[in-house]
Structures are given as C-alpha cells and as structure tokens.
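Peer 1: Take a look at this one; I'll ask things after.
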Amino acid sequence: MQPAAPVITVSELNRLARLALERTLPQLWVAGEVSNFTRAASGHWYFTLKDAQAAVRCAMYRNRNQLLDWTPAEGMRVEVRAQPTLYEPRGEFQLMVESMRRAGLGALYEAFLRLKEKLAREGLFDPARKRPLPRYPRAIGLVTSPQAAALRDVLTTLARRWPAARVILYPTPVQGEGAATQIAAALALAGARAECEVLLLVRGGGSLEDLWAYNEEVVARAIAASPIPVVSGIGHETDFTIADFVADARAPTPTGAAQLATPDAAELRQHLAHLARRLNMDVERRLNTLGQRLDGLARRLRHPAERLAEQRRHLKQLAARLGLAQGGRLAQLRQRLQHARTRLRAAAPRLTPQRMRLEHLRLGLARALAMGLARRRERLETLAAHLNHLDPHAVLARGFSLVRHADGRIVRTAAELALGETVRMTFAQGEAEGEIRRLLTPLEDRAARS
C-alpha cells in the first residue's frame, strides 16, 4: 500500500507557485496596451497590460512610479520592466512593475541616457563652463527654421521687450533626417561670422522623435564649441534635451528663451524715469545747498582796503604785546641770573686745605709703593737663589753629568747597567754616547777615586 501524498493548504500552494515563478522567470520587458488604469489612495498604480490575444494584471508601487515624469493613460502603448509573480491572497498571476517607458521610445531614451552620461563625464554640463549672457545685447541670433511655429512668437517677444536689438536668423531644419548636422552647421556659421552677442536655439514642442535632433552629439558639441553664449528654448516646459544641458542657459519654451536673453524695455524705461526723477531732485537739492553757501560767503565778503586796515590794527596790537612781553621776560631772566650767581658763590668749595691733604696722601702713597716694591724685590731674589740651587743645569756646570739608558730612562745606580749597553751622557754643554765595558765593584770604585 503506497503512503498517502502530503496535503498542503491553498496558502502554501500559492506560495510555492510564486516562488517557482520568481525563480524560473527573471525580470523582463513586456509590451502592451494600458487598460483599467487605477491610482490607489496609497499612491500605487494598478492596471491591465493587454494585446490582441491576452491580458495580464500589473501593479506598480508608489516608490517606483514616482520616478516617472508622466502618467500612463487608457489605451497608451507602453513597455514595462517587471518581475512575473503570483498574488498569493487570490492566486492571481501578475507583473510587479519596476519601470515603464512609452512603447517605441525605449531605444531612443536609452541612447539619450548614454549620451547624457558620456557628455557629463567630459564636463560639458559643468556650471563652471557656462558663460553669462549679455545684459543689453545689440544683436541676437536665432537658430531655427523659418517655417517654425516658434519663430513668430520669439520675434514678437523680442520686438516687445528689446526693439533696440538687431535680429539675425540662421535658418536650419529643426527635425528630420540630417537636421542635427545642419543645426550644428548653423551654430558654427553664427560663431564664425560673430555678428551677434547671444544665440537663441529654439523650436516648438513635439514628440521625442520630433525633438531628437537636439539630442544628437554633433549638436551638443557645436553648442559647447560656440564662441557666443547659447540659450536653448526647445519644446515645452517638461521637455528636456541634451542641448538644454550643454547650453549656457535653458528656457522652458522658445518665448522664455527670448525673455531670458533680453531685458524688458518697458521696465528699463520705468527705471530710467525713476533715475531721472532722482537725478533732478539731487541736482535741485545740490543747487539749493550751493546757493545758500554762496549767500553766506557773500555776507562775509568785505572790501580789501577794510580787511587791510583791520590787519594793520591787529599787527600793531601784536607788536605792542610782543614789546611788553619781551621787556618783562628780560627783567625776569636778569633776576634769575643774579640769584644763580649768588648761590654759586655761596656753594664754591675751599680748595687750599683740599690741595694740602691731597699732596700728603700722594707722598704717603709714593712711600708705600717704594717700600712694597723693595720687599717684593728682596723676596724675588731669595726665591731665585733657591731656584738656582735646584736647577739641574747648575749641578752639571759643577762637573757632573746625567746618564740615561738608550730608551731615555735616567741611570741612578751602576747596578742598572749591563756590559755592552750604550748609554747617553748629558753635560753642562753638549751630550755624548758611550758603551759600558766594565762594571766596578764598590771597592774598585773607591780605589779608582782615591
């Protein structure tokens, strides 16, 4: 009898089916038409993706759909990157959508992202390389098609805001085959001719395919190489192209580009009128101030003869005061000088007793020095005599000699000598060498001396 097969619950069955699906089928791209689209209160999207033969339920969570800058609509053809799975509570097969793109635009969008990343690495989008726009341009260049719907709006805006500027059109196709190359050529022509101070690269809105010429690398590099600042105004506000990232400034629309590149003449007129009013007020205030100062100077102005007479009177007064001051000062100085003389006489020292005392001290000092020198001379002679007694050369002068071994040691007894040894003898004057031939005993030595 075979053992009974294990029994599992529906929940376990659905879980096993989900795991089998997710392990067997990886994430993949699926194309279809959107149907039954619903946005839940949680922000999640739920819809059906279908074609002519089949349909599948799809779910796209809020943290994924908020990355899109557009919302799918009923009947729209899309491509989704999704994980096939099973919704366990109802056992329904569904796609868990990770990302979504409009059908047919996936390859273009991927090419857009690749080129954007490449140019960003090269630094073409770096804000540091973007140049400021001229504040009051005298000539503005338009790089667009003469048939473009945006051209009239741009010209109208420029005429209204800044009619002083000259507008130069550099015609070029804005879409279709070869448009990118011709746009780049028009940018290069404008830079070579150097007729304008700013370039407006504009065209109206359209699909991604219509705007694709502005996503081409040749256009991006032409904008980067342009010696003239470039303002892009391509499509609508939500449209972004590679040209927008490379341009020195980006406007959301062609009209916005015209506004961005020009000052508002009406605002400037108002500002100039305000400045003129302020200037008139400042000039009037300054004239009034100078007029008051002139009136004050006029009141202070007198005839030169009157001023000279006043100066003479003042000079005489100063001379009189100077004479009085000098007389009083001289008398004061004479009195101080007399007082100083009196004090000097009273303080003068008596020099005669001091001279006598100084002479007595000088004589005593001379006697003390003579006696001291005599004592020291006598002491020195005594020490010299003692030193002469100890001088070995004095002993040698009395007929003695100094005997040394060959190595310089002094010979003190005959016992230190050996037969045949060479010795060195030092006399009072000169030296000599000798050889020991015979050593005498003490008796022989005394007999030889006697």
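The values are calculated or read from the model by the stated rules, or taken from the named source; none is laboratory data. Everything numeric in this text was worked out from a predicted model, so none of it was measured. Reconstructed Cβ throughout: ideal geometry from the backbone, glycine too, with neighbour counts over all protein chains shown.
Peer 1: Kindly indicate which of ARG250, ARG221, ARG269 is more than 19 Å from VAL167 (Cα to Cα), modelled with pLDDT under 90 and surrounded by fewer than 24 Cβ atoms within 10 Å (Cβ to Cβ). I'd like the intermediate steps shown before the answer.
Peer 2: Values: ARG250 fails: modelled with pLDDT under 90; ARG221 fails: modelled with pLDDT under 90.
After ruling out the rest, the residue left standing is ARG269.
Peer 1: Considering (1) at pLDDT 95 or above; (2) out of contact with any Lys or Arg (no Cβ under 9 Å at 6 or more places or on another chain), say which one TRP212 fails and leave the rest.
Peer 2: (1)
Peer 1: Go through PRO127, PRO134, PRO146 for me and flag whichever is of a type outside the set (Ser, Thr, Tyr) and under 18 Å from ALA220 (Cα atoms).
Peer 2: Of PRO127, PRO134, PRO146, the one residue that is of a type outside the set (Ser, Thr, Tyr) and under 18 Å from ALA220 (Cα atoms) is PRO127.
Peer 1: Among GLN317, GLN326, GLN259, which is loosely packed, with under 14 Cβ neighbours inside 10 Å and modelled with pLDDT of 80 or more?
Peer 2: Values: GLN326 fails: modelled with pLDDT of 80 or more; GLN259 fails: loosely packed, with under 14 Cβ neighbours inside 10 Å.
Going through GLN317, GLN326, GLN259 in turn, the sole match is GLN317.
Peer 1: Go through LEU21, LEU25, LEU49 for me and flag whichever is closer than 18 Å to GLU92 by Cα, among the aliphatic types (A, V, I, L, M) and loosely packed, with under 14 Cβ neighbours inside 10 Å. Spell out the reasoning first.
Peer 2: On the way: LEU21 fails: loosely packed, with under 14 Cβ neighbours inside 10 Å; LEU49 fails: loosely packed, with under 14 Cβ neighbours inside 10 Å.
None of the other options fit; the residue is LEU25.
Peer 1: Another one. Would you check which residues across the range 386-408 are in contact with a helix residue (DSSP H, G or I) (Cβ under 8 Å, 6 or more places away or on another chain) and closer than 24 Å to THR441 by Cα and list them? Before you say what the answer is, go through the steps one by one.
Peer 2: Here is the first cut: in the range 386-408, the residues in contact with a helix residue (DSSP H, G or I) (Cβ under 8 Å, 6 or more places away or on another chain) are 388, 394, 402, 405.
Residues satisfying the conditions are LEU402, HIS405.
Residues checked against (1) of a type outside the set (S, T, N, Q); (2) within 22 Å of LEU268 (Cβ to Cβ); (3) under 40 Å from the mean Cα position of the chain (by Cα); (4) at pLDDT below 95:
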| site | (1), (2), (3), (4) |
| --- | --- |
| GLN83 | no, no, no, yes |
| GLY104 | yes, no, no, yes |
| PHE112 | yes, no, yes, yes |
| ILE140 | yes, yes, yes, no |
| GLN147 | no, no, no, yes |
| ALA150 | yes, no, no, yes |
| TYR170 | yes, no, no, no |
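Peer 1: Please verify whether the range 184-195 includes one or more residues that are at pLDDT below 95, part of a helix (DSSP H, G or I) and buried (at least 18 other Cβ atoms within 10 Å of the Cβ).
Peer 2: no
Peer 1: Of the residues that make up the range 147-170, is at least one hydroxyl-bearing (Ser, Thr, Tyr), surrounded by 15 or more Cβ atoms within 10 Å (Cβ to Cβ) and within 21 Å of GLU209 (Cβ to Cβ)? Can you show your working first?
Peer 2: Going residue by residue through the range 147-170, those that are hydroxyl-bearing (Ser, Thr, Tyr) are 156-157, 170.
Among the residues that remain, those that are also surrounded by 15 or more Cβ atoms within 10 Å (Cβ to Cβ) are: 157, 170.
Retained after the next criterion (residues that are within 21 Å of GLU209 (Cβ to Cβ)): none.
Checked the range 147-170: no residue is hydroxyl-bearing (Ser, Thr, Tyr), surrounded by 15 or more Cβ atoms within 10 Å (Cβ to Cβ) and within 21 Å of GLU209 (Cβ to Cβ).
Peer 1: If you don't mind, another one. When GLY141 is evaluated against the numbered criteria (1) farther than 28 Å from GLY176 by Cβ; (2) of a type outside the set (A, V, I, L, M, F, W, C); (3) in a strand (DSSP E or B), which criterion, by number, is the only one it fails?
Peer 2: (1)
Peer 1: Still on this structure: When you look at GLU435, is it touching a strand residue (DSSP E or B) at 6+ places or on another chain (Cβ under 9 Å) and loosely packed, with under 10 Cβ neighbours inside 10 Å, yes or no? Before the answer, list the steps.
Peer 2: Numbers: touching a strand residue (DSSP E or B) at 6+ places or on another chain (Cβ under 9 Å): yes; loosely packed, with under 10 Cβ neighbours inside 10 Å: yes.
Spelling it out, GLU435 is indeed touching a strand residue (DSSP E or B) at 6+ places or on another chain (Cβ under 9 Å) and loosely packed, with under 10 Cβ neighbours inside 10 Å.
Peer 1: A further question on this structure: Which condition number does LEU16 fail, the rest of (1) more than 20 Å from ALA103 (Cβ to Cβ); (2) out of contact with any Ser or Thr (no Cβ under 8 Å at 6 or more places or on another chain); (3) of a type outside the set (Asp, Glu); (4) at pLDDT below 90 being met?
Peer 2: Only one criterion in (1) more than 20 Å from ALA103 (Cβ to Cβ); (2) out of contact with any Ser or Thr (no Cβ under 8 Å at 6 or more places or on another chain); (3) of a type outside the set (Asp, Glu); (4) at pLDDT below 90 is unmet by LEU16, namely (4).
Peer 1: Select, from GLU74, GLU117, GLU122, GLU98, the only residue that is in the same structural domain as LEU19 (by TED's automatic domain parsing) and either touching a residue at least 60 places away in the same chain (Cβ under 8 Å) or under 51 Å from the mean Cα position of the chain (by Cα) (or both).
Peer 2: On the way: GLU74 fails: either touching a residue at least 60 places away in the same chain (Cβ under 8 Å) or under 51 Å from the mean Cα position of the chain (by Cα) (or both); GLU117 fails: in the same structural domain as LEU19 (by TED's automatic domain parsing); GLU122 fails: in the same structural domain as LEU19 (by TED's automatic domain parsing).
Just one listed residue meets the conditions, GLU98.
Peer 1: Take the conditions in contact (Cβ under 8 Å) with a residue 12 or more places away in the chain, assigned by TED's automatic domain parsing to the domain that holds ALA247 and under 24 Å from LEU260 (Cβ atoms) and apply them to ALA150. Does it pass?
Peer 2: Values: in contact (Cβ under 8 Å) with a residue 12 or more places away in the chain: yes; assigned by TED's automatic domain parsing to the domain that holds ALA247: yes; under 24 Å from LEU260 (Cβ atoms): yes.
It is true that ALA150 is in contact (Cβ under 8 Å) with a residue 12 or more places away in the chain, assigned by TED's automatic domain parsing to the domain that holds ALA247 and under 24 Å from LEU260 (Cβ atoms).
Peer 1: Condition test on THR181, is it surrounded by fewer than 20 Cβ atoms within 10 Å (Cβ to Cβ) and assigned to a loop (DSSP other than H, G, I, E, B)?
Peer 2: On the way: surrounded by fewer than 20 Cβ atoms within 10 Å (Cβ to Cβ): yes; assigned to a loop (DSSP other than H, G, I, E, B): no.
No.
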